[in-house]
1. Post the alpha-carbon centroid distance, region 113-128 to region 1-50, in whole angstrom.
2. Ranked highest first by average number of other Cβ atoms within 10 Å, how do 64-73, 30-39 line up?
3. By the scheme Lys and Arg +1, Asp and Glu -1, what is the net charge of all other residues having a beta-carbon under 12 Å from that of Glu103?
4. Under a 5 Å amide H to amide H cut-off, with H placed in plane at 1.01 Å, what residues pair with Val40 once short-range neighbours are removed?
5. Have a look at Val40, His121, Ile94 and report the one farthest towards the positive end of the charge dipole of the chain, computed about the Cα centre with Cβ charges (Lys/Arg +1, Asp/Glu -1).
6. Provide the per-residue ³J(HN,Hα) series for region 65-75, in order, calculated from phi with Karplus coefficients 6.51, -1.76, 1.60 and θ = phi - 60°, each as a whole number of Hz, with x at glycine and proline positions.
7. Evaluate the charge dipole of region 4-143 about its Cα centre and quote only its size in Debye, nearest 20, assuming +1 on the Cβ of each Lys and Arg and -1 on the Cβ of each Asp and Glu.
8. Which far-off residues, 5 or more places away or on another chain, put their amide H under 5 Å from the one on Leu35, with H placed in the peptide plane?
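Every number here is computed from the coordinates shown, using simple stated rules; none is lab data. Here the structure is a predicted model, which means the values were calculated and not measured. Backbone-built Cβ (ideal geometry, glycine too); neighbour counts: all protein chains shown.
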Amino acid sequence: MVEDMIIETNSPEETKELGRKIGQEAKPGDVYALLGDLGVGKTIFTKGVAEGLGITEPINSPTFTIVQEYEEGRMPFYHFDVYRIGDVEEMDEIGFDDYVYGEGMCLIEWANLIEEILPDHVKTITIEKDLEKGFDYRRITIE
Ligand code: ADP
Ligand code: MG
């Protein structure tokens, strides 16, 4: 088994920079599950990913649409936020499989809520706070 990678950041900029690297190294068909409580930095991380893919338009959280598509970068970028999902069947309705087995990069905020339908090739990124290490400290685990 491949070891988990742990990165510690101490500012939003550092977290965004890590996202940028992931975006730069992304390959078509990559699927990332992004986990962590409200306010840990998932959206900031995602903005970095988008920059790394060469997307310049602003990234808005797709909370009310489940998925937001960006075609401007070096591959399509599909940004999901499934926080408000009621039932995993809603994912079928939007054609989830076409995205995760497609030629773009998928990033899914709150992917734990749709765990049972995630593809085998999903990579997981978990962002956590540790208030003992400071308000801006984040531990980011990549599996
Ligand atoms: P989420 O999408 O997980 O709800 P956001 O990305 O919207 O979170 O917000 C994260 C908040 O945490 C921002 O206000 C950001 O400035 C702050 N923050 C402080 N330190 C960090 C850090 N190291 N990494 C990411 N965000 C941080
Ligand atoms: Mg968010």
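1. Going from one Cα centre to the other spans 13 Å.
2. Answer by packing, highest mean first, reads 30-39, 64-73.
3. Here the count lands on -1.
4. none
5. Positive-most Cα among the choices belongs to Val40.
6. Each residue of region 65-75 in turn: 10, 6, 9, 10, 10, 10, 9, 7, x, 6, 7 Hz.
7. Its charge dipole is roughly 660 debye.
8. Amide H to amide H, under 5 Å and 5 or more residues apart or across chains, Leu35 pairs with Ile125, Thr126, Ile127.
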